[in-house]
Amino acid sequence: MISDNAGTFLALERYFDDTGLNQNKLYLVSAQNATDVSNLPSLKGRDIVVAEKQLLVDFNDLGTNLDDFEGLALGPVLPDGRQSLIVVSDNDFDPATPATQLFAFALDIAPASETKEQIFGTLEADALELTGSNNLVFAGEGNDIIDASLADGNNRIYAGNGDDTVILGTSDAPLEPLRDWP
């Protein structure tokens, strides 16, 4: 898996289908609008927005006799400005399949979301009212009030030390377990 650190991933998916054939697919996964469930004790009764997944390449459609893919990495930026992607397969020591193969692709994918703006509080008590989306908030010391309820969502909030009040909005998530978090 490769990430752009803004919620977009390239994911290599490998599995055996119902007929026993090995399937190898590359997906673009967009998690910007997905619900952050990392701090939830249960998903029961919650409205969850899942990540979006778009098929980029079905390697089985390339007409090669591949067993499976083992890895992917970003290669150099190409002269035309596109990012290269290197994918490696191996044959799992099976003489019936080709030896290790390398594939190179040029990515023609625009960034899926804007970079998060970083907002910093002070060492004192702060009242931070967020607007927009994709904010990354570090409240710092003091007894802070962080209100994201009217913002456009997808904010990530680190309350810091102190007795803080955090009001989350749509798709917002704390970067730490909050006291009294349901």
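The set of residues from region 26-55 being over 26 Å from Asn135 (Cβ atoms) and either among the aromatic types (Phe, Trp, Tyr) or surrounded by 15 or more Cβ atoms within 10 Å (Cβ to Cβ) (or both) comprises Leu26, Tyr27.
Could you please find all residues in region 89-105 being surrounded by 14 or more Cβ atoms within 10 Å (Cβ to Cβ) and in contact with a strand residue (DSSP E or B) (Cβ under 7 Å, 6 or more places away or on another chain)? Result: Ser89, Asp90, Gln101, Phe103, Phe105.
If the condition is being over 18 Å from Pro174 (Cα atoms) and in contact with a Lys or Arg (Cβ under 9 Å, 6 or more places away or on another chain), then region 23-53 contributes Gln23, Asn24, Lys25, Tyr27, Leu28, Val29, Ser30. Restricting the search to region 122-141, which residues are more than 21 Å from the chain's Cα centre (by Cα) and under 17 Å from Ile167 (Cβ atoms)? Once the filter is applied, which keeps residues that are more than 21 Å from the chain's Cα centre (by Cα) and under 17 Å from Ile167 (Cβ atoms), region 122-141 yields Ala125, Asp126, Ala127, Leu128, Glu129, Leu130, Thr131, Ala139. With the condition kept exactly as written, say whether any residue in region 52-66 is at pLDDT below 85 and touching a Gly at 6+ places or on another chain (Cβ under 6 Å). No, every residue in region 52-66 fails to be at pLDDT below 85 and touching a Gly at 6+ places or on another chain (Cβ under 6 Å).
The values are calculated or read from the model by the stated rules, or taken from the named source; none is laboratory data. From a predicted model like this one, the values you see are computed outputs, not experimental measurements. Cβ atoms come from the backbone with ideal geometry, glycine included; neighbour counts cover every protein chain shown.
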